[in-house]
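*Asks:* First the structure, then my questions, so here it is.
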Amino acid sequence: MNTWHRLLCRLLVSVLLLLAAAPDAHADKRIGVIMTGDIPYYGAIHQTFVAELHKRFGGGEKFEIFLQRPFPNPISWTNAARKLIAFDVDLIVTYGAPATQAVIHEKSRIPLVYAGLYEPDLAVTSGKGVTGCGFKIPMSSIIRYLKRLKPVNSLGIIFSSIEEDSVRQCKTMQELAEQQGIKAVGIDIRSQADLAQLKNVQTDAVSITGSSLVHLWLTDILSILEKARIPAADIFPDEMASGVLMTLYQPAHSQGQMAAEMGARILLGVEPGSIAPHTFRDTELVFNLVASRHLGITVPIHLLIEATKVIE
Amino acid sequence: MNRNSPSILEVSRRLFASLLVGLILAAPLPAVAADQTKELLLGIEPEHNIFDQMERYRSLAAYLSDQLGVEVKLTIMSRYGEVIKRFKALKLDGAFLSAYTATMAIRELHLEPVANPVNLNGESTSRGYILVRKDSGIREAKDIQGMGMVFVDPATMEGYLFPLLYLQRHGMTDMRIFFSRYSYSGSHASVIFTVLDGRADVGAAKNTVFDRLVANDPSIQNELEIIAQSPKVPETTLCIRNEIDPHLRDMLATVLLRMDQNAPGRQALTAFKALRFVKANQADFVRIEEMAQEAQSVIVEGGKD
């Protein structure tokens, strides 16, 4: 065997070794997910996201998920974002506006897919490697249903000033309530200690914004409101049927599915900037008749027939 | 001749007398039936709030009972499309029907349209609206393809027949593939709330219900866009079985048409939320029948959710 033959053999062996060692297009991908707290709505989006990814990647262990569940506060969101950037994951997925904005703030080169964002076109979600989906709920419908349940002259709006989208929802709700001659009162929850102010609330009804911090203490909030016989409406589903009288929400599965679709495409090499963000506008309406009995409110039959679901 | 056997003349006289009695008994039968009519059972198509609806119709029924000397009873038909079945099953004498069900009832049950109430806005007609949310991005017929649609009921002109015909004229060939999903909400108000909430992208409902909801809550008008509207059709028509005694039928029509000319009538009209009744026109229903024929090719039974 002369030198040329030896060189050719070595080259062939090297090529074969390289081909054997090379992973397939999306094997061993690492996905970092930030899901604030244990919010059931985000949990439902994540569940669909994972199931859909498995479906798309044929069920094999071709991706690994690093799930971060930070407590809803700015430091925890930043830490979660930095941790995933340090892991050098291939894709970051965030649920909710604060987690998304924390990742964007870090200016990482890692592509980001968000979901569960309220009105994403109005949230600060711009960035070269950023895309995702969110939802919009017609807040006026919440006021409309509450007014059909009982006379509403005053409305408490529970929000958290540390969450930009919650503040935005509160402002929208205040404007809509005032247009209808309803006195709107914002109730800011920044810590557990702030729940005490709910004991002094005397409004005819309460509307709960999509704040992760507020939903962390939802059961406590509803317990206080029930004692004062104040009905609550929410834009997140009350998965645990903990006592929200009326919920008008965007179903989580469609956002989970779309986030997975976007994520899969990015992992296969598509530029995030070329995937258009999407806002879901379809909703489901749920009345909780157990809560209505506790509150002494009768839900009229013509409202019940509107409902997508009735909790009895 | 036997004294006990009747003469031919006597036989003829008896035969004539028997015939006369028979004729006397037979001839006034309808009048006797009219006198014996104890009640009129009228059906009502369900609206969004049937309790308010019953309250409105109750005052009208009481007035009619008083004027006709016949007890006028009301029954709510379970849904729009039930009218033909219920009419037969309940042995109804008549019903207050919306445009399309009246058309079907005239065709299939040979009912006679009697009178239409004139609403407080001075109209006895209504028209269909195709509605979307202003922020939906839907502006014309072609944008509706692939969207979720909510109808009122397959037996409504404004809430089913009109949108189908409109979309057919704009290129829809099969509603099953044209919409991503479609459903029936059961009432016009419900369609409006469904679109407002985003539970459907597009809805079809009648203008009178839309106007009433907007009057109660002006924010509805700020949020919804009307992208198409149908021609006017009679909103509600009292249709009566043609077997009903003509005398009673005439009396019923007269009482209704003159209701606004006396104090108790005006009082009942106020409670009924109408200004007066006007004579129904059979020709109105011919046009709806033509619309139904034209839309037939795109109509599919049942919903696709």
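What follows draws every value from the coordinates through simple rules; no lab data is involved. Everything numeric here is computed off the predicted structure, so don't read it as measured data. Neighbour counts are summed over all protein chains in view; Cβ atoms, including those assigned to glycine, are modelled from backbone coordinates with ideal geometry.
*Asks:* Tell me, which residue of the range B:127-181 that is of a type outside the set (Val, Ile, Thr), more than 22 Å from A:His278 (Cβ to Cβ) and in a strand (DSSP E or B) is farthest from the other protein chains (Cβ to nearest Cβ)?
*Replies:* If we take residues in the range B:127-181 being of a type outside the set (Val, Ile, Thr), more than 22 Å from A:His278 (Cβ to Cβ) and in a strand (DSSP E or B), then B:Gly128 is farthest from the other protein chains (Cβ to nearest Cβ).
*Asks:* Here is a list of conditions, (1) surrounded by fewer than 22 Cβ atoms within 10 Å (Cβ to Cβ); (2) more than 14 Å from every other protein chain (Cβ to nearest Cβ); (3) within 21 Å of the chain's Cα centre (by Cα), and A:Ile208 meets all of them except one; can you say which number that is?
*Replies:* (1)
Yes/no matrix, rows are residues, columns are (1) of a type in the set (A, V, I, L, M, F, W, C); (2) away from chain B (no Cβ under 14 Å):
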site: A:Glu106; (1), (2): no, yes
site: A:Arg109; (1), (2): no, yes
site: A:Leu112; (1), (2): yes, yes
site: A:Gly116; (1), (2): no, yes
site: A:Gly129; (1), (2): no, yes
site: A:Met139; (1), (2): yes, no
site: A:Ile143; (1), (2): yes, no
site: A:Asp165; (1), (2): no, yes
site: A:Cys170; (1), (2): yes, yes
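*Asks:* Taking the range B:279-304, which residues are over 30 Å from B:Gln145 (Cβ atoms), loosely packed, with under 15 Cβ neighbours inside 10 Å and either touching a residue at least 60 places away in the same chain (Cβ under 8 Å) or among the polar types (S, T, N, Q) (or both)?
*Replies:* B:Lys279, B:Asn281, B:Gln282
Residue-wise test of (1) surrounded by fewer than 20 Cβ atoms within 10 Å (Cβ to Cβ); (2) closer than 29 Å to B:Lys88 by Cα; (3) not polar (S, T, N, Q).
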position: B:Asn116; (1), (2), (3): no, yes, no
position: B:Met157; (1), (2), (3): no, yes, yes
position: B:Tyr166; (1), (2), (3): no, no, yes
position: B:Arg169; (1), (2), (3): yes, no, yes
position: B:Asp197; (1), (2), (3): no, no, yes
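*Asks:* Give me the residue from the range B:64-101 that is closer than 18 Å to B:Leu252 by Cα and small (Gly, Ala, Ser) and, out of that set, surrounded by the fewest Cβ atoms within 10 Å (Cβ to Cβ).
*Replies:* B:Gly69
*Asks:* Give A:Ile224, A:Ile182 a once-over and let me know the one that is within 14 Å of chain B (Cβ to nearest Cβ), farther than 30 Å from A:Ala264 by Cα and either more than 18 Å from the chain's Cα centre (by Cα) or crowded, with 17+ Cβ neighbours inside 10 Å (or both).
*Replies:* A:Ile182
*Asks:* Could you list, in sequence order, all residues of the range B:206-226 that are within 10 Å of chain A (Cβ to nearest Cβ) and touching a residue at least 24 places away in the same chain (Cβ under 8 Å)?
*Replies:* Within the range B:206-226, B:Leu213, B:Ile220, B:Asn222, B:Glu223 qualify.
*Asks:* Of A:Val214, A:Val299, which residue is more than 23 Å from the chain's Cα centre (by Cα) and crowded, with 17+ Cβ neighbours inside 10 Å?
*Replies:* A:Val299
*Asks:* Follow-up question, since we're still on this one. Within the range B:190-205, which residues are assigned to a helix (DSSP H, G or I) and either at the interface with chain A (Cβ under 8 Å from one of its Cβ atoms) or among the basic types (Lys, Arg) (or both)?
*Replies:* B:Ser190, B:Phe193, B:Thr194, B:Leu196, B:Asp197
*Asks:* Something else about it: Would you pick out the residues in the range A:145-163 that are over 27 Å from B:Ala189 (Cα atoms), touching a strand residue (DSSP E or B) at 6+ places or on another chain (Cβ under 6 Å) and either of a type in the set (A, V, I, L, M) or within 14 Å of chain B (Cβ to nearest Cβ) (or both)?
*Replies:* Of everything in the range A:145-163, those that are over 27 Å from B:Ala189 (Cα atoms), touching a strand residue (DSSP E or B) at 6+ places or on another chain (Cβ under 6 Å) and either of a type in the set (A, V, I, L, M) or within 14 Å of chain B (Cβ to nearest Cβ) (or both) turn out to be A:Ile157, A:Ile158.
*Asks:* Inside the range A:295-312, can you point out the residues that are away from chain B (no Cβ under 14 Å) and not in a loop (DSSP other than H, G, I, E, B)?
*Replies:* Matches in the range A:295-312: A:Leu295, A:Val310, A:Ile311.
*Asks:* For the range B:211-232, which positions are closer than 23 Å to B:Ser124 by Cα and either assigned to a loop (DSSP other than H, G, I, E, B) or out of contact with any strand residue (DSSP E or B) (no Cβ under 6 Å at 6 or more places or on another chain) (or both)?
*Replies:* Those that are closer than 23 Å to B:Ser124 by Cα and either assigned to a loop (DSSP other than H, G, I, E, B) or out of contact with any strand residue (DSSP E or B) (no Cβ under 6 Å at 6 or more places or on another chain) (or both): B:Asp211, B:Arg212, B:Leu213, B:Val214, B:Ala215, B:Asn216, B:Gln221, B:Ser230, B:Pro231, B:Lys232.
*Asks:* Here is a follow-up. Just checking, does the range B:244-265 include any residue being within 14 Å of another protein chain (Cβ to nearest Cβ), part of a helix (DSSP H, G or I), without any contact (Cβ under 8 Å) to a residue 60 or more places away in the chain and of a type in the set (Val, Ile, Thr)?
*Replies:* Within the range B:244-265, none of the residues are within 14 Å of another protein chain (Cβ to nearest Cβ), part of a helix (DSSP H, G or I), without any contact (Cβ under 8 Å) to a residue 60 or more places away in the chain and of a type in the set (Val, Ile, Thr).
*Asks:* Could you list, in sequence order, all residues of the range B:266-278 that are part of a helix (DSSP H, G or I) and surrounded by 18 or more Cβ atoms within 10 Å (Cβ to Cβ)?
*Replies:* B:Ala268, B:Leu269, B:Phe272
*Asks:* Is it the case, given these coordinates, that A:Gln202 is away from chain B (no Cβ under 14 Å) and either aliphatic (A, V, I, L, M) or not in a loop (DSSP other than H, G, I, E, B) (or both)?
*Replies:* Against the criterion (away from chain B (no Cβ under 14 Å) and either aliphatic (A, V, I, L, M) or not in a loop (DSSP other than H, G, I, E, B) (or both)), A:Gln202 does not qualify.
*Asks:* Which residues, counting only those in the range A:250-294, are under 24 Å from B:Phe193 (Cβ atoms), touching a Gly at 6+ places or on another chain (Cβ under 9 Å), surrounded by fewer than 22 Cβ atoms within 10 Å (Cβ to Cβ) and more than 14 Å from chain B (Cβ to nearest Cβ)?
*Replies:* A:Val290
*Asks:* I've got another one for you. List pairs: first in the range A:113-125 and of a type in the set (Phe, Trp, Tyr), second part of a loop (DSSP other than H, G, I, E, B), Cβ under 8 Å, 6+ apart or cross-chain?
*Replies:* These pairs meet every condition: A:Tyr114/A:Pro120; A:Tyr114/A:Thr125; A:Tyr118/A:Lys136; A:Tyr118/A:Ile137; A:Tyr118/A:Gly210; A:Tyr118/A:Ile235.
*Asks:* Before we move on, is A:Tyr145 more than 30 Å from A:Arg265 (Cβ to Cβ) and aromatic (Phe, Trp, Tyr)?
*Replies:* When the stated conditions are applied, A:Tyr145 passes them.
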